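*Asks:* Below is one structure. I have some questions about it.
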Amino acid sequence: MPHKDNPQYLADMSFGFGEEDKIQPYLEHRFGKLNKLDKYNPFDFENDEFIIEVKSRRIPHNKYKTLMFNYTKLEKLELMETKKRAIFVFNCDDGVFGWEYDSTEFFVGRGGRCDRGCNEYSQMAYIGIDKLFEIETMPIFKKDKDKDESCCETLRRSIKKNITSTDKV
């Protein structure tokens with residue numbers, strides 16, 4: 001674990017906690033009213049039906065074939081005696097995506113990072129991006145010169161699409 005004063009670690013922690021607050025309304029639209037759990041809980045949100053872990057990433061969800069998180073999250077989940085459905089949420093640059101826990105849909109491997117002044121490699125759970133479902137997409141602004149759609153029109157189209165979408169998990 002990086003030193004608690006490491007600037008990148010502090011920036012990453014601030015980013016993660018801030019993003020949880022930003023996407024809570026989108027999660028509640030999909031999963032119902034959620035209670036935010038304290039920072040020492042292995043998960044971030046829960047209600048009577050769901051327990052939810054949020055992982056914020058500074059990449060598009062499909063940059064790689066898989067998304068990863070610490071396998072210890074799944075170990076803790078498997079030890080919990082709960083009937084709640086476990087949802088792992090990936091808050092990425094291009095939208096918010098979810099994966100409902102299924103013991104057959106992930107693999108375990110070594111992974112991590114070393115850009116915060118120490119080796120942070122450990123056992124990771126890898127989820128194929130084909131196993132994800134969409135919770136919220138971010139508007140993509142067209143760079144095609146043949147298109148006359150302005151940024152405002154792109155936002156209007158995106159908002160209209162999301163308002164009319166009522167799909168539940």
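*Asks:* Spin-label point model (7 Å from Cα, Cβ direction): what's the residue 5 to residue 107 distance in nm?
*Replies:* That separation, rounded to one decimal, is 4.3 nm.
*Asks:* Further question on the same structure: Note down the net charge around residue 105, summing +1 for each Lys or Arg and -1 for each Asp or Glu among other residues with Cβ under 13 Å from its Cβ.
*Replies:* Result for the local shell: -2.
*Asks:* Distance cut-off 23 Å, Cα to Cα: go down the list 36/131; 55/84; 33/55 and report the pairs above it.
*Replies:* 36/131
*Asks:* Now, a different point. Subtracting the Cα-Cα distance from 0.36 nm times the residue separation, let me have the gained length for residue 64 to residue 131 in nm, one decimal.
*Replies:* Length gained, residue 64 through residue 131: 22.8 nm.
*Asks:* Between the range 84-100 and the range 54-75, how far is it from one alpha carbon centroid to the other, in angstrom?
*Replies:* The range 84-100 and the range 54-75 have Cα centres separated by 9 Å.
*Asks:* Then there is this: On a full-extension model of 0.36 nm per residue, what is the gain between residue 35 and residue 22, subtracting their alpha-carbon distance, rounded to one decimal in nm?
*Replies:* 3.3 nm
*Asks:* Now, a different point. Tell me the label-point distance for the pair residue 47, residue 83, using the 7 Å Cα-to-Cβ offset, in nm and rounded to one decimal.
*Replies:* In this crude spin-label approximation the distance works out to 1.8 nm.
*Asks:* Scan around residue 37 for amide H atoms under 5 Å from its own, H built in the peptide plane at 1.01 Å from N, and keep only partners 5 or more places away or cross-chain.
*Replies:* For residue 37, whose amide H was placed from the backbone, the distant partners under 5 Å are 45, 46.
Any read-out appearing in this document is the output of simple, stated calculations on the displayed coordinates, not a laboratory observation. Note that the structure is predicted; figures quoted are calculated from it, not measured. Reconstructed Cβ throughout: ideal geometry from the backbone, glycine too, with neighbour counts over all protein chains shown.
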